[in-house]
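First the structure, in the form of structure tokens, and then the observations on it.
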Amino acid sequence: MNFTSRLMLVACLVLPFAACKKEEASKEAVVTAPVAKPSDDNDKKAWQAYLKDIAIRNMAGITNPPFAYILPAESSPDFAGEYERLLERTQADVGRGIIEGNMLVFGSPASAKMADIIIESFKTVPPGSMKGVKVLYVGTPADNERVKAVVEPSGVEYVFVEAK
């Protein structure tokens, strides 16, 4: 193999890695400006964007797309029904077991009600059974400690972000 052929081979191997690094750097630049907490608790799209931004910022160590649980404001038309459906879904997901490399994201303008869902869902989780799983709760400090007390025994990495 002559020098030119070797040089071409090296270029073919190095360019994809350089492109990956450039792509990673551009992704990091995209997430530097945080999305502000929505001023309207009934704006579902704004809340979804807000929680997505927070989730992206907390993906370190996560290898799979996160499970997102968003509860609307208590003033929304079918709040009681949405609460019950989300509670059932969360209990089913958590009860089935979440494996390492996954993240559960919980957030709502109704912080206390979301905390209730998390607490009910984690009541039956065996201690230490969710090592390598991250639980991200976006809510009010008043609800943080009661959520933390219930989820941490399961072995998750618990992250609280104040909704502000």
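The values are calculated or read from the model by the stated rules, or taken from the named source; none is laboratory data. Values in this document were obtained by computation on a predicted structure and should not be read as measured data. Because the Cβ atoms are built from the backbone with ideal geometry, glycine has one as well, and the counts that use them run over all protein chains shown.
Please tell me if Arg85 is out of contact with any Ser or Thr (no Cβ under 7 Å at 6 or more places or on another chain), assigned by TED's automatic domain parsing to the domain that holds Lys45, farther than 24 Å from Ala73 by Cβ and without any contact (Cβ under 8 Å) to a residue 12 or more places away in the chain. No.
The set of residues from the range 142-164 being under 23 Å from Gln48 (Cβ atoms), in a helix (DSSP H, G or I) and of a type outside the set (Val, Ile, Thr) comprises Asp143, Asn144.
The set of residues in the range 57-77 being part of a strand (DSSP E or B) and farther than 21 Å from Lys45 by Cα is empty. The residue list Ala55, Ala115 contains one member that is modelled with pLDDT of 90 or more and in contact with a Gly (Cβ under 7 Å, 6 or more places away or on another chain), which is Ala115. Just to verify a result, which residue in the range 75-92, among those that are at pLDDT 95 or above and acidic (Asp, Glu), is farthest from Met130 (Cα to Cα)? Within the range 75-92, the match that is farthest from Met130 (Cα to Cα) is Glu82. For the range 29-47, taking the residues that are assigned to a helix (DSSP H, G or I) and surrounded by 15 or more Cβ atoms within 10 Å (Cβ to Cβ), the one that is modelled with the lowest pLDDT is identified as Lys44. Filtered by the rule that a residue be surrounded by fewer than 20 Cβ atoms within 10 Å (Cβ to Cβ), under 14 Å from the mean Cα position of the chain (by Cα), among the hydrophobic types (A, V, I, L, M, F, W, C) and farther than 21 Å from Lys37 by Cβ, the range 109-164 gives no residues.
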